1. Here's a check for you: in the stretch 75-122, which residue that is outside any helix (DSSP H, G or I) and out of contact with any helix residue (DSSP H, G or I) (no Cβ under 8 Å at 6 or more places or on another chain) is surrounded by the most Cβ atoms within 10 Å (Cβ to Cβ)?
2. Filtering the stretch 46-63 down to residues that are more than 14 Å from residue 85 (Cα to Cα) and in contact with a helix residue (DSSP H, G or I) (Cβ under 8 Å, 6 or more places away or on another chain), which residue is surrounded by the most Cβ atoms within 10 Å (Cβ to Cβ)?
3. Out of curiosity, is residue 114 within 16 Å of the ligand (Cβ to nearest atom) and either under 15 Å from the mean Cα position of the chain (by Cα) or not assigned by TED's automatic domain parsing to the domain that holds residue 48 (or both)?
4. Quick one: residue 98 ticks every box in (1) modelled with pLDDT under 95; (2) under 30 Å from residue 64 (Cβ atoms) except a single one, so which number is it?
5. Select from the stretch 93-126 the residues that are closer than 12 Å to residue 164 by Cβ and without any contact (Cβ under 8 Å) to a residue 40 or more places away in the chain and list them in ascending order.
6. Mind checking which residues of the stretch 138-147 are at negative phi and either under 25 Å from the mean Cα position of the chain (by Cα) or more than 13 Å from the ligand (Cβ to nearest atom) (or both)?
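The values are calculated or read from the model by the stated rules, or taken from the named source; none is laboratory data. As the structure is a computational prediction, the values presented were derived from the model and not from experiment. In this analysis, Cβ positions are derived from the backbone assuming ideal geometry, glycine residues included, and neighbour counts consider all displayed protein chains.
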Ligand SMILES: [Zn+2]
């Protein structure tokens, strides 16, 4: 796992954690939106949940590997560097788990920020094409290859967890072959 991925994940997390995005949307009738038909966005509650889950997942694994890891870093963008620092001596399985988790978080953060083209950097796990497209409503990446279908004829779709695991696996194979 490169420091690049951790750095990108940290920067995306910092953006998501900005006050404008986090601040709770209006809970009562807003003077600017007096019509009852204006839907109230659940986005920010959802975002706060996402941030809490993100930090919780990292802290839980870091402390399982390194019980004396100490407090979380003060700046949210340092979360992943802190994570790597305290899991540097972990066994292979824990390092792989960490690398997949960081890559999955990075993808989750950038999708929330709207950088959907980021899924195009991952080949489809089934057909290998570079034509994945993000479906925000379904929260999955769809393969745009018309010949790449499930046995019942549906478009294949992938979770970010699956794409992250594939990327780490490919990186490991590449590294093994390069030595
Ligand atoms: Zn495909």
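1. 115
2. For the stretch 46-63, the residue satisfying everything is 54.
3. For residue 114, the condition - within 16 Å of the ligand (Cβ to nearest atom) and either under 15 Å from the mean Cα position of the chain (by Cα) or not assigned by TED's automatic domain parsing to the domain that holds residue 48 (or both) - is not met.
4. (1)
5. Correct list: 97, 118, 121.
6. Hits for the stretch 138-147 are 138, 140, 141, 142, 143, 144, 145.
Residue-by-condition table, conditions (1) assigned to a loop (DSSP other than H, G, I, E, B); (2) touching a helix residue (DSSP H, G or I) at 6+ places or on another chain (Cβ under 9 Å); (3) exposed (fewer than 10 other Cβ atoms within 10 Å of the Cβ):
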residue: 137; (1), (2), (3): yes, no, yes
residue: 145; (1), (2), (3): yes, no, no
residue: 151; (1), (2), (3): yes, no, yes
residue: 172; (1), (2), (3): no, yes, no
